[in-house]
Amino acid sequence: MKVLTLNGSPRTKSSSTYHILKPLLEGMEKAGAETELIHIRDLKLKPCLGCFTCWVRTPGVCVHQDSMPAVLEKFNQADIVVFGTPLYHFSMTSFMKDFIDRTLPRLEPWLIPHPHIAGITGHPERVHKPEKMLLVSPCGFPEFEHFDSLVATFKHLARMEHWEYLGEILRPTAEPLSNPQLRELFTDYYEAVSAAGEQLIREGKISEELQARLREDLFPGDKQEFYEMASDHWISQMDKFNVPEEMRHTAGTRPS
């Protein structure tokens, strides 16, 4: 089974997204999957122009000459695609959005009744791969609700593309995952992520028990303690750059 993983984080290997994807892929490989991880930022993709050249002038071929055709070929050959993106303004990063937009050459321009969804319009596909997809996303907020719009977007994408939606691995309070000095604190979490990757390949889903482990709080204490820890971090960053006190707060927002 071929698994193509797309890391949409601008920080690539120093990101919390990467630190979740890495054990996930290790678990998949343990179960016998063939995996490849691509950092979208490294592709230096040009954004879709909406020119429809790939539909009318050179069907199936984008007007841009960059690395996308080679990656799109891998995308079309994958059995599972893992989309990994940090949460940016309650959605995906611009890198991930550019990649998804650039998959347009996979479709033909004609409007037809969707072959799998009654009452919905779609486009004919030039190729139909992959078969399944998984979403992986971290964010800095402590609540899962912030992922709602991102999850809805990828569920709709999977529905329109007729991919089996394998679910998502979402991680609030994720910023510390990218800190190598704190990595040992999250050993249990990384083991759960690896187990999830193995389960997905062997059983085609993540068990409810393991999903519960993946959603456990990474930090003890209440939200106020988390707020204070986050404030300490950002204060230390501002101290590093000698930010004047009067520039650190908007009126009424000073942390207690």
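Details
- Over the chain, the pair-distance histogram of Cα-Cα distances with 10 Å bins from zero comes to 6, 27, 33, 20, 11, 3, 0 percent, rounded to whole numbers.
- Candidate lysines for bridging to LYS132, where Cα separation is under 23 Å - those fewer than 8 sequence places away on the same chain excluded: LYS2, LYS22, LYS30, LYS74, LYS97, LYS155, LYS205
- In this label model, GLU184 and GLU29 are separated by 2.4 nm, measuring between points 7 Å along each Cα→Cβ vector.
- Residue order, fewest to most surrounding Cβ atoms within 10 angstrom, among LEU185, LEU72, LEU87: LEU185, LEU72, LEU87
- Segment 133-218: GluC sites (Glu not before Pro) falling in loop per DSSP and having at most 14 other Cβ within 10 Å: GLU143, GLU216
- Student exercise, segment 1-126 dipole from Lys, Arg, Asp, Glu Cβ charges, in Debye to nearest 20: 320 debye
- With neighbour counts taken as other beta-carbon atoms within 10 Å, the residues LEU49, LEU21 rank, fewest first, as LEU49, LEU21.
- Aspartates and glutamates whose Cα lies under 14 Å from that of LYS240, excluding same-chain neighbours fewer than 8 positions away: ASP232
- Ordering SER67, GLY27, CYS139 by Cα displacement along the dipole of the chain toward the positive end leaves SER67 in first place; charges were set at the Cβ atoms of Lys, Arg (+1) and Asp, Glu (-1).
- Considering only beta bridges that DSSP places wholly inside segment 2-219, some 15 percent are antiparallel.
- Interchain or long-range residues, amide H under 5 Å from VAL82's placed H: LEU4, THR5, LEU6, LEU134
- Trypsin sites (Lys or Arg not before Pro) restricted to DSSP loop in segment 138-226 with at most 15 other C-beta within 10 Å: LYS205, ARG215
- Computed magnitude of the charge dipole of the chain (debye, nearest 20; Cβ of K, R +1, Cβ of D, E -1): 1040 debye
- When each of TRP110, TRP163 is scored by the number of other beta-carbon atoms lying within 10 Å, the sequence from fewest to most is TRP110, TRP163.
Read the figures in this text as sums done on the coordinates, not as results from a lab. Because the structure is a prediction, the values reported are computed rather than measured. Note that each Cβ is placed from the backbone with ideal geometry, even for glycine, and that neighbours are counted across all protein chains shown.
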